[in-house]
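Nothing in this text is a laboratory measurement; each read-out follows from the coordinates by a stated rule. Just so it is clear, the structure is predicted and the values come from calculations on it, not from any experiment. Here the Cβ is made from the backbone with ideal geometry for all residues, glycine too, and neighbour counts use every protein chain on show.
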Amino acid sequence: MAPQRIDRRALPRHIGIIMDGNGRWANQRGWERTRGHKAGSKAVRKVVKACRRWGVEVLTLYAFSAQNWGRPDFEVKALMDLLAEFIAREWEEIMERGIRVVHLGELRKVPVEVRKRLLSLEKASRKNRDMTLALALSYGSREELLRASRNLARRVSEGKLLPRDLDLSTIDKALYTSRLPDPDLIIRTGGEMRLSNFLLWQSAYAELYFSKVLWPDFTTEHLRLAIVDYQSRKRRFGLTDEQIQDRL
Ligand code: FPP
């Protein structure tokens with residue numbers, strides 16, 4: 001049977017990826033976990049290019065969670081170094097391919113070198129229109145909601161916002177993702193079936209796809225399969241089949 005092709009007219013607008021399994025990939029080879037992260041950053045490059053080629057509007061990568069700060073210092077440092085390297089190495093291609101880079105997360109905690117490079121790339125790429133690459137870095141969804149709640153509470157206490165005017169879009173706008181569409185498809189590699197504090201509010205109606213493949217082994221073919229699977233799902237957003245048909 002011929003492999004099913006992606007239907008370019010029904011692509012997920014926004015794909016989020018939880019890139020799990022780097023450590024296990026390295027352990028299986030008797031290597032340090034950090035070698036798994038290095039191999040993982042090569043997989044990142046391929047997946048970004050494929051999304052851009054296929055016409056996915058937004059790709060969000062969970063590069064480093066708010067909880068990952070608790071990992072051993074050498075692993076945190078290796079991950080930060082990899083991010084800095086990735087930005088330097090991919091800069092030209094990101095610009096050539098018209099990719100806009102944005103970050104989601106608490107950048108103040110990130111080492112100044114990485115922060116500076118990332119902010120410079122965001123600035124340089126801000127007018128790019130062909131795809132958005134969102135790097136979730138020092139990101140946690142609960143932390144994001146807490147930050148948004150504090151900001152909104154401050155506006156209420158200053159009399160700038162009335163509690164009765166608070167609605168779903170007020171919260172959307174207070175999140176790091178305020179300018180991004182909600183994710184349509186969330187992929188997690190590495191075999192675990194959980195969201196691990198990733199885009200919890202935004203993924204209310206996302207389709208979830210779990211792959212057993214460890215992140216460094218995840219190829220564009222695996223991504224293609226995930227998208228084909230997504231395209232076989234019926235999304236109803238709480239409505240009935242008939243109502244959805246009427247809208248098409
Ligand atoms: C989870 O695997 C992965 C991470 C904590 C980091 C992901 C980072 C990269 C893929 C490389 C750098 C990123 C970019 C955007 C260049 P794990 O360590 O939890 O794996 P395990 O579950 O097998 O231990």
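Quick one: order 19, 95, 193 by neighbouring beta-carbon count within 10 Å, fewest to most.
Arranged by neighbour count, lowest to highest, 19, 95, 193 become 193, 95, 19.
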Under 17 Å from a label point 7 Å along Cα→Cβ of residue 237: give me every residue in segment 1-30 with its amide N that close. 10-15
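Can you compute the FRET efficiency between residue 244 and residue 153 using 1/(1 + (r/R0)^6), with r the Cβ-Cβ distance and R0 = 25 Å? Round to the nearest 0.05. Working shown, then result.
Numbers: r = 37 Å, r/R0 = 1.49.
According to the calculation, E is roughly 0.10.
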Going by the alpha-carbon gyration tensor, a ≥ b ≥ c the square roots of its eigenvalues, is segment 56-133 rounded (a/c under 1.5) or, if a/c is not under 1.5, prolate (a/b greater than b/c) versus oblate? prolate
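What FRET efficiency comes out for residue 75 versus residue 145 if R0 is 30 angstrom and r is the Cβ-Cβ distance? Round to the nearest 0.05. Mind dumping the intermediate values first?
Values: r = 27 Å, r/R0 = 0.89.
Rounded to the nearest 0.05, the efficiency is 0.65.
List the DSSP H helices in the chain whose Cα atoms stretch 27 Å or more along the helix axis and whose mean Kyte-Doolittle hydropathy is at least 0.0. Spell out each step's value before the answer.
Details: long enough: 33-54 (32 Å, -1.09); 73-96 (35 Å, 0.09).
Helices meeting the criterion: 73-96.
Under the rule a/c < 1.5 gives rounded, and otherwise a/b versus b/c splits prolate from oblate, where does segment 153-234 land using the Cα gyration tensor?
Prolate, because a/c is 1.5 or more and a/b exceeds b/c.
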Per the rule of 0.36 nm per residue minus the C-alpha distance, extending residue 27 to residue 8 adds in nm 3.1 nm
Neighbour-count ranking for 146, 59, 180 (other C-beta within 10 angstrom, fewest to most) reads 146, 180, 59
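May I ask you to sort 114, 213, 156 by Cβ crowding, counting other Cβ atoms within 10 Å and putting the fewest first? Could the numbers behind the result be given before it?
On the way: 114 22, 213 17, 156 14.
Ascending Cβ contact count within 10 Å gives the list 156, 213, 114.
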Formal net charge of residues neighbouring residue 48 (Cβ-Cβ distance under 14 Å; K, R +1; D, E -1): +3
Once you order the gyration tensor axes a ≥ b ≥ c over the Cα atoms, which shape class does segment 186-248 get: rounded for a/c under 1.5, otherwise prolate or oblate by comparing a/b with b/c? oblate
GluC sites (Glu not before Pro), loop per DSSP, at most 13 other Cβ atoms within 10 Å - longest free stretch of the chain: 1-157
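Here are some pairs, 127/160; 49/212; 116/160; 42/123; 42/116; which of them have Cα atoms lying more than 27 Å apart in this structure? Walk me through the numbers before you get to the answer.
Details: 127/160 31 Å; 49/212 22 Å; 116/160 33 Å; 42/123 24 Å; 42/116 22 Å.
From 127/160; 49/212; 116/160; 42/123; 42/116, over 27 Å: 127/160; 116/160.
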Per the rule of 0.36 nm per residue minus the C-alpha distance, extending residue 224 to residue 42 adds in nm 63.8 nm
